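The values are calculated or read from the model by the stated rules, or taken from the named source; none is laboratory data. It should be emphasised that the depicted structure is a prediction, and the values quoted were computed from it without experimental measurement. We place every Cβ from the backbone using ideal geometry, glycine too, and count neighbours over all the protein chains shown. Note: accessible area is taken over every heavy atom of the protein model, side chains too, but ligands, DNA and RNA are not part of it. Shrake-Rupley method; radii C 1.70, N 1.55, O 1.52, S 1.80 Å.
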Amino acid sequence: MSYIQRVPAVERALQILEWIAERPEGSSPSDLMERLGLSRTGTFALLNTLKAHGYLEQAGPRGRYRLGPRWWTLAARAHPERTLRELFRTEAQGFSESIALVRPAGDEGVVIEAVPGRYPLIGRWEIGERFPLSRSAAGWVFLADRQAGGRWERIRRKGIARRAAGSLLEIAAPICPDGRRPYAALAVRLPATRASPALSESLRAAAARLSHRLGAPTYQPYAVEPSELPLRRLRLTEIAAFLEGPWIARLIGLRADGRPYAVPVWYVWERPALWIAAFPGSRWPDYVRTHPRITLLIDEPWPPLRRVRVEGEALPLSFPEGPEGLIARLTHRYRVDWPLPRHDLETFRILPERMEGRRGLIAS
């Protein structure tokens with residue numbers, strides 16, 4: 001006996017995915033209810049289910065819904081290069097330098113996508129540009145997977161390649177859909193005077209996010225063994241460079257009744273202070289005003305496994321560039337649109353009284 005009936009819940013879930021897929025900026029629950037004629041209860045049930053399975057993700061607690069990593073993983077299996085190009089264009093928006101997506105072709109590297117930066121005439125990449133793997137940082141990313149020697153060992157250990165090209169500097173990081181083997185490279189080319197540890201951090205973090213969206217369960221380029229990551233303290237310069245990365249912080253403090261709480265927060269590192277912002281409706285600002293002494297924990301989920309702990313007082317102060325300035329910094333940092341109205345933004349300054357960091361694994 002053939003089953004010819006349709007399942008309404010499945011049809012509604014597919015309608016939601018198709019609607020959101022056509023809107024890169026995302027969609028709110030109210031949009032979906034209005035356009036698709038769904039009930040509030042049914043809409044949130046479907047959204048929560050799709051989000052729980054990774055087919056949707058949300059920009060903040062009350063942000064818009066976008067296609068999630070599970071969707072992109074399925075698309076990547078069917079059309080890996082096309083999916084990678086689409087994801088690259090999103091990541092490229094967060095860089096002020098010209099940035100390229102490079103794939104290997106025999107002994108050459110080929111630029112398959114490129115986005116000009118703030119200085120389009122300097123370090124520009126051209127789509128279709130080809131170069132020997134041995135003469136570019138992007139090419140070194142692929143050669144490091146099959147060559148022996150000190151240079152290649154450094155690239156494998158650091159997960160990033162740097163190469164001087166005349167007055168310019170090339171920096172490249174591997175994109176690994178399986179978490180280990182380079183499939184493509186993310187590369188920037190800029191005057192050496194503009195290079196900074198923060199740019200390298202951002203490039204590596206972007207390569208890790210792309211790898212994750214293509215299905216990587218973790219990001220461990222070249223399968224560097226954990227035994228090569230001895231535990232050690234981070235120097236202050238290393239801590240400062242790490243804090244420039246687009247990490248999510250965990251804010252830990254006490255409620256009014258003395259019970260502890262921990263919440264994820266976005267932050268901006270503006271030396272010598274960190275700034276955090278509260279979404280409207282958040283409860284933790286009340287806790288912070290009552291017990292301003294807090295701890296921030298910031299870590300990365302892949303080698304070299306760096307983490308930083310910041311202790312200090314969180315004081316309700318205005319960001320020097322105003323609310324719009326802070327929102328601009330946050331959206332640039334986390335590669336997202338601000339999901340909520342821009343008024344009534346609560347901001348807190350944390351001036352570290354103690355700040356320390358570690359990298360590597362716990363010594364046995």
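Note down the nm distance, to one decimal, between modelled labels 7 Å out along Cα→Cβ at GLU18 and at ARG233.
Result: 6.1 nm between the two label points.
Treat region 159-289 as a sphere of radius equal to its Kirkwood radius over Cα pairs and apply Stokes-Einstein at 20 °C in a medium of 1.002 mPa s; give the translational diffusion coefficient in µm²/s, rounded to a whole number. Could the numbers behind the result be given before it?
Numbers: Rh = 17.5 Å.
Rounded to a whole number, D works out at 122 µm²/s.
What is the distance in Å between the Cα centroid of region 142-206 and that of region 282-328?
Here the two parts' Cα centres lie 30 Å apart.
Extending each Cα 7 Å along its Cβ direction at PHE44 and ARG124, get the distance between those two points in nm, one decimal.
Simple spin-label model gives 5.2 nm for this pair.
Compute the signed sum of charges (Lys and Arg +1, Asp and Glu -1) over the other residues within less than 10 Å, Cβ to Cβ, of TRP19.
Values: positive: ARG23, ARG35; negative: GLU18, GLU22, ASP31.
Net charge around TRP19: -1.
Could you tell me the relative contact order of the chain? Use alpha-carbon pairs under 8 Å, at least six residues apart, and round to a whole percent. Walk me through the numbers before you get to the answer.
Numbers: 686 pairs, mean separation 45.6, N = 364.
Result for the chain is 13 percent.
Mind checking the full-extension length gain between GLU313 and ARG289? Use 0.36 nm per residue of separation minus the Cα-Cα distance, one decimal, nm. Walk me through the numbers before you get to the answer.
Values: separation 24, 0.36 × 24 = 8.64 nm, distance 0.99 nm.
Fully extending the segment from GLU313 to ARG289 adds 7.7 nm.
For region 184-289, what does the relative contact order come out to in percent, with C-alpha contacts under 8 Å and a separation of six or more?
19
Would you grab the residues whose amide H sits under 5 Å from the one on LEU234? Only those 5+ places off in sequence or on another chain, please, with H modelled 1.01 Å from N.
GLY357, ARG358, ARG359
Karplus couplings for region 286-300 from phi (6.51 cos²θ - 1.76 cosθ + 1.60, θ = phi - 60°), rounded to Hz, Gly and Pro as x?
My calculation for region 286-300 gives 5, 5, 5, 5, 7, 10, x, 6, 9, 10, 10, 10, 10, 8, 10 Hz in order.
Under a crude label model (7 Å from the Cα following the beta-carbon direction), how far is SER282 from ARG259 in nanometres?
2.0
Quick one: pull the percent of accessible area on the chain belonging to carbon and sulfur, 1.4 Å probe, ligands and nucleic acids left out.
In the chain, the share of accessible area belonging to carbon and sulfur is 53 percent.
What is the sum of charges, Lys and Arg at +1 and Asp and Glu at -1, for the other residues whose Cβ falls under 13 Å from the Cβ of VAL188?
+3
Take region 100-155, compute every pairwise Cα distance, and split them into 5 Å bins from 0; I just need the percent in each bin.
Percent of pairs per bin, in order: 4, 21, 25, 19, 15, 10, 5, 1.
Could you provide, to the nearest whole Å², the per residue accessible area of the chain with probe 1.4 Å?
Accessible surface, normalised per residue, equals 51 Å².
Over all pairs of distinct alpha carbons, what does the Kirkwood formula give as the hydrodynamic radius of region 63-188, in Å? Walk me through the intermediate numbers first.
Numbers: mean 1/r = 0.0657 Å⁻¹.
About 15.2 Å for region 63-188.
Note the listed values [x] 67, 47, 36; [y] 79, 45, 42; [z] 69, 57, 48, then indicate which one is Cα extents along the principal axes in Å calculated from this particular structure.
Evaluating Cα extents along the principal axes in Å on these atoms matches [z].
Divide by every residue of the chain the summed helix terms, -39500 (n - 2.57) for each DSSP H run of at least 4, and state the resulting mean residue ellipticity at 222 nm, rounded to the nearest 500 deg cm²/dmol.
-10000 deg cm²/dmol
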